[in-house]
1. Of GLY128, GLY57, which residue is out of contact with any Asp or Glu (no Cβ under 8 Å at 6 or more places or on another chain) and surrounded by fewer than 22 Cβ atoms within 10 Å (Cβ to Cβ)?
2. Checking VAL94 against (1) away from the ligand (no atom under 11 Å from the Cβ); (2) surrounded by fewer than 23 Cβ atoms within 10 Å (Cβ to Cβ); (3) in contact (Cβ under 8 Å) with a residue 12 or more places away in the chain, only one condition comes out false. Which one?
3. Quick check on segment 69-87: of everything there that is surrounded by fewer than 20 Cβ atoms within 10 Å (Cβ to Cβ) and closer than 26 Å to ALA210 by Cα, which residue is nearest to the ligand (Cβ to nearest atom)?
4. Give the residues of segment 134-148 that are over 17 Å from ARG40 (Cβ atoms) and surrounded by fewer than 21 Cβ atoms within 10 Å (Cβ to Cβ), sorted by residue number.
5. Do we find a residue being closer than 29 Å to SER202 by Cα, near the ligand (Cβ under 9 Å from one of its atoms), outside any loop (DSSP other than H, G, I, E, B) and touching a strand residue (DSSP E or B) at 6+ places or on another chain (Cβ under 8 Å) anywhere in segment 128-137?
6. In this structure, is ALA69 over 27 Å from ARG199 (Cα atoms), out of contact with any strand residue (DSSP E or B) (no Cβ under 8 Å at 6 or more places or on another chain) and part of a helix (DSSP H, G or I)?
7. In this structure, does GLY15 turn out to be at pLDDT below 95 and more than 10 Å from the ligand (Cβ to nearest atom)?
8. Which members of segment 139-167 meet the condition of being touching a helix residue (DSSP H, G or I) at 6+ places or on another chain (Cβ under 7 Å) and under 27 Å from ILE204 (Cα atoms)?
Amino acid sequence: MSNYGRFLSVEGGEGVGKSTQIVALADAIRKAGFDVVITREPGGTPGAEAIRQLLLGGSAERWLPRAEALLFAAARSDHVERLIKPALESGKWVISDRFLDSSRAYQGGGSGISDTDILALHKIGSMGLLPDRTLVLRLDTHEAIERAAVRDAGQADRIQGRSTGFHSDVDSAFVSFAEVEARVRLVDASGTLQAVTSRLLSEIADLLVAS
Ligand code: T5A
């Protein structure tokens with residue numbers, strides 16, 4: 001393997017523990033001797049963080065699905081060109097809290113934009129960059145809502161606040177990606193923090209050994 005870094009994305013529904021687990025995952029990868037950059041979507045660079053404010057704030061009807069998909073793709077383009085690619089090229093591991101598969105699941109599975117169109121936007125905006133591994137955390141919807149509600153004191157953003165049916169379509173989309181794409185792994189997010197971290201680590205063990 002060259003000194004090109006590894007790219008991981010962590011995906012899943014709201015409140016399943018992505019941000020919490022990414023910190024633990026990064027600690028374990030650093031202990032194995034690698035530099036790790038943690039980032040998030042939408043966001044990660046000043047331009048993409050500005051687009052994040054447009055996407056997550058305001059009324060539920062602020063954006064229709066096509067405009068929303070374009071804004072996520074524009075934010076991702078800036079994120080990939082200015083942060084993710086340079087970090088990988090300098091040999092660092094990058095862990096992104098959400099990436100392309102969130103657009104495929106939310107704007108695709110949840111809002112009806114075709115997967116072909118989402119992937120076309122990704123090719124234009126981000127040169128089609130895919131993670132080496134995508135870890136999808138899955139948790140019973142009620143438990144996830146409870147975790148997020150405790151953390152946010154009931155203040156949902158404009159996408160988080162959509163219907164249970166929408167979030168269930170999002171989850172089904174993530175499952176369908178794992179059925180056909182080997183890089184996508186479903187990981188049970190229930191139980192203790194440590195139990196979830198060790199499940200995640202076992203899904204990237206081969207990448208750690210090969211690097
Ligand atoms: N979106 C994003 C799209 O529609 N299209 C796209 O292309 C992209 C990139 C982003 C929103 O944008 C949408 C998806 C989202 O709706 P966000 O604010 O970045 O939103 O938030 P989310 O990514 O949805 O994630 P959350 O912040 O809601 O939740 P996390 O990160 O999954 O969960 P976390 O780690 O904050 O944990 C939630 C709570 O649970 C506790 C934590 O301490 C925390 O309080 N917890 C546990 N409790 C018990 N046991 C465990 N094992 C626990 N693990 C965590």
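1. Exactly one residue qualifies, and that residue is GLY128.
2. (2)
3. So the residue we want is LEU83.
4. ARG138, ASP140, THR141, HIS142, GLU143, ILE145, GLU146, ARG147 - these are the residues of segment 134-148 that are over 17 Å from ARG40 (Cβ atoms) and surrounded by fewer than 21 Cβ atoms within 10 Å (Cβ to Cβ).
5. Yes, segment 128-137 contains a residue that is closer than 29 Å to SER202 by Cα, near the ligand (Cβ under 9 Å from one of its atoms), outside any loop (DSSP other than H, G, I, E, B) and touching a strand residue (DSSP E or B) at 6+ places or on another chain (Cβ under 8 Å).
6. Considered against the rule, which asks whether it is over 27 Å from ARG199 (Cα atoms), out of contact with any strand residue (DSSP E or B) (no Cβ under 8 Å at 6 or more places or on another chain) and part of a helix (DSSP H, G or I), ALA69 comes out as yes.
7. no
8. Within segment 139-167, THR141, HIS167 qualify.
The values are calculated or read from the model by the stated rules, or taken from the named source; none is laboratory data. On a predicted model such as this, the values are computed, not experimentally measured, just so you know. All Cβ positions, glycine included, derive from the backbone under ideal geometry; neighbour counts span all protein chains shown.
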